[in-house]
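Take a look at the structure below.
The values are calculated or read from the model by the stated rules, or taken from the named source; none is laboratory data. The shown structure was predicted, so the numbers you read here are calculated from the model rather than taken from an experiment. Reconstructed Cβ throughout: ideal geometry from the backbone, glycine too, with neighbour counts over all protein chains shown.
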Amino acid sequence: MAAASRLWPLLAIAFGCAAGEASRARAGSQPRQLDAVAPGPELSEALLARVQESVAQQTRSALLRVLAERSPDLDEHLGGVSALAEDTARALGLDEHDVRLVRIAAELHDIGKSAIPDAILNKAGPLDADEWELMRRHTLIGERIVSAEPALLPVAKLVRWSHERFDGLGYPDGLAAEQIPLGARIVAVCDAYDAMLSDRVYRLGMSTAEALAELRRCTGTQFDPTVVEAFCSMRRELGAVAQAA
Ligand SMILES: [Fe+2]
């Protein structure tokens with residue numbers, strides 16, 4: 001019944017106004033109560049899930065559209081990281097619900113960069129200490145942006161902690177190892193790999209072999225060894241499939 005009461009205002013917005021006005025005009029009568037046609041609890045749960053899914057999808061699309069206009073490179077990066085994160089989550093045996101959450105978190109992990117000044121976001125050279133301080137805030141800003149939509153709340157903390165390190169030297173909270181949710185540890189590995197492959201103004205992107213070697217070099221310090229192992233196996237398998245095709 002709680003789900004029905006949460007769902008009903010959404011359905012009323014969607015169907016109530018237009019249908020109600022038309023039928024009252026035809027019948028010339030008082031407005032009728034809709035209780036008699038209210039969906040039962042099971043239907044309500046299913047509809048609520050679909051409405052929430054739809055709201056989450058539309059919000060994600062709008063946020064990513066804003067970021068794409070601001071920074072096409074960043075938009076491409078988020079697409080790459082989310083595809084890698086989805087595959088890695090599946091390789092680690094997560095169920096489809098959690099795979100979806102990890103994919104969404106990866107898609108939105110840098111959304112807070114939409115609030116970082118261009119002079120820092122697009123700086124050709126290395127950032128100084130003050131600029132880094134500002135840049136690090138993108139995780140907190142991202143969490144705030146994502147938290148504004150209740151349907152996206154389950155991924156808000158994953159966005160916040162997507163730049164933590166396994167050894168506790170990351171940001172914003174300095175969490176270590178299993179203190180960092182697995183979804184955020186997956187995003188961290190996929191984010192770094194995609195960034196390593198990309199060309200920057202001040203350097204060319206690495207080859208896939210070089211990037212995988214770098215992930216292995218940083219396993220246990222920057223990255224979760226279990227996630228790196230699953231990631232590397234997955235990339236090896238994909239490479240083998242590509243070569244065989
Ligand atoms: Fe990123």
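For the range 105-122, the set of residues classified as within 13 Å of residue 139 (Cα to Cα) and small (Gly, Ala, Ser) consists of 105, 106, 112, 114, 115, listed by residue number. The residue of the range 77-112 that is nearest to the chain's Cα centre (by Cα), among those that are within 11 Å of the ligand (Cβ to nearest atom) and not hydrophobic (A, V, I, L, M, F, W, C), is 107. Selection within the range 113-126: residues that are assigned to a helix (DSSP H, G or I) and within 16 Å of the ligand (Cβ to nearest atom). The member of this set that is nearest to residue 158 (Cα to Cα) is 113. Being surrounded by fewer than 16 Cβ atoms within 10 Å (Cβ to Cβ) and touching a residue at least 24 places away in the same chain (Cβ under 8 Å) is the filter here, so list the residues in the range 116-125 that pass it. 122, 124, 125 - these are the residues of the range 116-125 that are surrounded by fewer than 16 Cβ atoms within 10 Å (Cβ to Cβ) and touching a residue at least 24 places away in the same chain (Cβ under 8 Å). Can you name the residue in the range 186-245 that is modelled with pLDDT under 85 and among the acidic types (Asp, Glu) and, of all such residues, is farthest from the chain's Cα centre (by Cα)? Looking at residues that are modelled with pLDDT under 85 and among the acidic types (Asp, Glu), I get 237.
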